[in-house]
1. Considering the Cα trace of region 24-115, what is its radius of gyration and what is Dmax, both in angstroms?
2. Report the extension gain between ALA54 and LEU106 in nm, rounded to one decimal, defined as 0.36 nm multiplied by the number of residues separating them, less their alpha carbon distance.
Amino acid sequence: MLQQFRLPPWDLPLVPGLPEWEQSEPFAGAPLTQTIYGLILMNAILASSVAPVAKMAAGIFGGAGIGFSALAQGRAGASAADALGETGKGFVNYLMVIGIVETVALFVMVFLMSTLR
């Protein structure tokens with residue numbers, strides 16, 4: 001009965017000597033980079049000399065694009081942590097998937113910064 005209430009990935013030790021909660025830490029911290037991209041984009045919008053309506057549109061679309069990328073990256077990270085906890089394999093593959101989702105936020109930031117010039 002209690003077996004169904006186990007919480008993966010923290011129930012399986014993957015690396016001997018490393019605390020279980022640290023083994024999935026890279027997956028949890030990955031979406032935080034979108035905050036930095038948002039800050040860089042905000043500074044570019046504030047320094048831009050385009051019309052205020054264009055600045056507002058860049059802020060809304062940029063925030064939505066970066067936000068949805070962070071949401072997708074959080075979901076991918078949670079799935080990766082769960083799969084790593086169950087199998088103990090595929091750490092690099094899971095990081096590659098998170099990196100692919102990361103490029104969406106980078107593209108949003110770079111494309112909007114290039115249109116603000």
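Values quoted throughout were computed directly from the atomic coordinates according to the rules given, and no laboratory measurement underlies them. Computed from a predicted model, the values in this text were never measured in an experiment.
1. So, for region 24-115, Rg and Dmax equal 15.5, 53 Å respectively.
2. 16.7 nm
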